[in-house]
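Reading through the structure tokens given below for one structure.
Every read-out reported here was derived from the displayed coordinates using simple, explicitly stated rules and does not represent laboratory data. Computed from a prediction, not measured in an experiment: that's the story for all the values here. Virtual Cβ from ideal backbone geometry, glycine too; neighbours counted across all protein chains shown.
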Amino acid sequence: MAEVSADDISLINNNSGPFILLSAKTVLDSPPGGNNNGRFDPGESGGLILALRNIGNQGVDNVTALLRSTDSRFIITDSTTSYGSIPVCSTRTNTADPFRIQVDPSIPKETPVQLLLLINGNGYCDTLRFRLVVGEIVQTDPVPDGPRQPPLYWAYDDIDTSYTQHPEFSWVEINNLGTRLDLSDDQTVVLDLPFTWQFYGEYYSQISICSNGWVAPGYTTSTVYYNYPLPSTTLPGAVCANWDDLYPPIGNGVWYYHDAPNHRFIIEWDSVHYIGSNLWERFEIIIYDQTVPTPTGDNQIVVQYLTANSYSSSTVGIQDPSQSIAIQCLYDGTYNNGSAPIVPGRAIKYVTGTPTAIRESNEPVKLPARFYAFPNPGRGLIHFVTEIGTAGSISIFDRTGRLVTTIQPTSRTWDGRDATGKPVSPGVYFCRLKTVSGPELEAKLIVTR
């Protein structure tokens, strides 16, 4: 269990007197539903405790809360709870009755999920907006482009073996097959491509190759050698294999080759030295044609590293033509959490499409069937909704476990009365749906005055 301080909180409205804010969030992700790291990860289920603090000048009684998610992959299976009374300068939590969460396995790590907390009390009504970030990218995960949601491109390196898109290092030597470019210091040449290069949804028939370890789709006269973090307005849309101040006249130069049988265009920096240094590198950029399919049609790109003598002052990654979206794998010796260090034999693939995890089992992940009541909190006529095609009766119990009433399969509404026809008291009630096949489903309902 880990406690996280509240962030990204905004008040949609508030009333005079009581003033309730979200002061802390605690994720309960103990096994078997979670891994006990204090956050929600893809595929996990667990509880969520929210602490509410009243910083107003008046207390509020009978406080209830309803949690809503704006992301269908972040499923709230128990969305209601009760806080009781919250006096002035006091904090209350739902520790005894946490919200219950199920995270879809398909949601990418480090996805921010916006949540709404609807608060009701005697004479008080407010909505708080906050967010939770699902998962954390580690070295064996792909890196998404950003800042935006959802990502378009992802960077996979060869150790991301839990994903079907990961590359395998396979060096392609072209210095005896291709054409050597007569590149001097800080020079860019423009070539016609043998196929169309689709990059971030735009189409290019040319490629610009810079001596300083990067290529750009289309035509550019930029020769920028001083590297910056990505995205950068100093650089056009580009693929940066090793953006640094390189000097091709020392070494074996820069080469290009169209490998038509294997549907790819290759650019190799062969033993090119860093300016004013005895250190050098061999690396290559491979752009596949559109016969190698991707989900969006954008060409697949693979960068390979045969040496790793000095990447301490380089920028590695890609950025889009607008210079506002990028993947930064490396900048001046600092790696992205999802990027493996560059070593001899490293490969990085840049490709579009949602990451596909390799499962240990072929069985699909089953998410819980949904059963809920609305309005909730509510009073008067309550409606029940279920995704079960054929369902049985609904039994309603109070907090002590006493059966209040039973709703027959022909009805999906409740008028808030017990079996004798008497209106029930405000409070928390538990609704149990008996299904014809499968487990019983439960929903929690708060009845207000």
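Observations on the structure shown:
- Cα gyration tensor shape for the chain, rounded if a/c is under 1.5, else prolate or oblate: prolate
- FRET efficiency for Leu177 and Asp61, using Cβ-Cβ distance with R0 set to 51 Å, rounded to 0.05: 0.05
- ³J(HN,Hα), Karplus 6.51/-1.76/1.60, whole Hz, each residue of segment 133-148, x for Gly, Pro: 9, 7, x, 9, 6, 10, 4, 9, 10, x, 10, x, 7, x, x, 5
- Placing unit charges on the Cβ atoms only, positive for Lys and Arg and negative for Asp and Glu, gives the chain a dipole magnitude near 2860 debye about its Cα centre.
- With the simple spin-label model, which puts each label point 7 Å out from Cα in the Cβ direction, the Val133 to Ser85 separation comes to 4.0 nm.
- By the rule of a C-alpha distance below 25 Å, with chain neighbours fewer than 8 residues away ignored, the lysines paired with Lys25 are Lys109, Lys444.
- At R0 = 35 Å, FRET efficiency that the Cβ-Cβ distance of Thr296 and Val385 yields, to 0.05: 0.45
- When the charge dipole of the chain is built from unit charges on Cβ atoms (+1 for Lys and Arg, -1 for Asp and Glu) and taken about the Cα centre, the candidate among Asn37, Cys240, Val447 whose Cα reaches farthest toward its positive end is Val447.
- Taking other residues whose beta carbon is less than 13 angstrom from the beta carbon of Glu202, and scoring Lys, Arg as +1 and Asp, Glu as -1, yields -2.
- At 0.692 mPa s and 37 °C, Stokes D of segment 143-352 from Kirkwood alpha-carbon radius, µm² per second: 196
- For segment 55-156: span of alpha carbons on each principal axis (Å, largest first): 53, 25, 21
- Calculated FRET efficiency for the pair Phe374/Asp104, C-beta based, R₀ 25 Å, to 0.05: 0.70
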